[in-house]
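The values are calculated or read from the model by the stated rules, or taken from the named source; none is laboratory data. All figures in this text were calculated on a predicted structure; none of them were measured in a lab. Neighbour counts are summed over all protein chains in view; Cβ atoms, including those assigned to glycine, are modelled from backbone coordinates with ideal geometry.
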């Protein structure tokens, strides 16, 4: 399955913005209004499956407001066909509970007509 | 999308065997006879899409016979629903050309009835 130039281009932009911590700019410029988002588990006030830009922005805002991020490593994009994967490694403290979490996860993104239409996060807690 | 216990269990076994370099044992014990394998590009003598255990075994044999692997880091499994991702980081030399390659890739595996039915590799060269 050949990778389209478009997919790789979108992936590079996403990784670039995430490395700079500009996740909201990535959502604003690279995400489709029909975005679907999938996580392995629900969080307080956030189901595991959400749709639409508003819900995605709220997820990003929630993370920014609740976590003190000490470091975030972003590797990729790793493409295949119309999808690309990104590997994340983070070290962050929950502002409310004081709990420090070091973790890794893989994000899988699907691109259609130059925009990200699906993001899927793979991890355990 | 909740992760099934089965998916996580298969993922842990795969990562464990890959860390030990026992990739062929992973194929023999964890792969379905209906396995499908997808890569972003074809290799000499190997199309980007192959099916069945025989083709998968040949892929593994080709890699073992052609590469001198200096190091292989395996991280995961990172699950979501009936799939799990694995992050690979390798440093290897092509025995024939002498070319040394350091690279990263993400493997995405789909589990059905306790067996891996699809493997998809995400990378650029």
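Scan region B:8-49 residue by residue and report those that are in a strand (DSSP E or B) and either within 20 Å of residue B:88 (Cα to Cα) or without any contact (Cβ under 8 Å) to a residue 24 or more places away in the chain (or both). Give the derivation first.
Within region B:8-49, the first condition is being in a strand (DSSP E or B), and the residues that meet it are B:31-38, B:43, B:46, B:49.
Answer for region B:8-49, where residues must be in a strand (DSSP E or B) and either within 20 Å of residue B:88 (Cα to Cα) or without any contact (Cβ under 8 Å) to a residue 24 or more places away in the chain (or both): B:31, B:33, B:36, B:37, B:38, B:43, B:46, B:49.
Selection of strands (runs of 3 or more DSSP E) fully inside region B:50-121 by the criterion of at least 2 residues being within 14 Å of chain A (Cβ to nearest Cβ) and exposed (fewer than 15 other Cβ atoms within 10 Å of the Cβ) returns B:100-112.
Of the residues making up region B:24-47, those that are under 15 Å from residue B:121 (Cβ atoms), out of contact with any strand residue (DSSP E or B) (no Cβ under 6 Å at 6 or more places or on another chain) and modelled with pLDDT under 95 are B:41, B:42, B:43, B:46, B:47.
For residue B:34, the conditions (1) within 13 Å of the chain's Cα centre (by Cα); (2) more than 23 Å from residue A:82 (Cα to Cα) are fulfilled apart from (1). Scanning region B:1-20 for residues being away from chain A (no Cβ under 14 Å) and exposed (fewer than 13 other Cβ atoms within 10 Å of the Cβ) gives a total of 2. Would you say residue B:84 is at pLDDT 95 or above and in contact with a helix residue (DSSP H, G or I) (Cβ under 7 Å, 6 or more places away or on another chain)? Yes: the conditions hold for residue B:84. Which members of region B:56-71 meet the condition of being at pLDDT 95 or above and within 22 Å of residue A:83 (Cβ to Cβ)? Correct list: B:56 only.
Quickly run through region B:25-49 and pick out the residues that are within 21 Å of residue B:13 (Cβ to Cβ) and buried (at least 16 other Cβ atoms within 10 Å of the Cβ). Walk me through how you get there before you give the answer.
Residues of region B:25-49 that are within 21 Å of residue B:13 (Cβ to Cβ), as a first pass: B:25-37.
Across region B:25-49, the qualifying residues are B:26, B:27, B:30, B:31, B:32, B:35, B:36, B:37.
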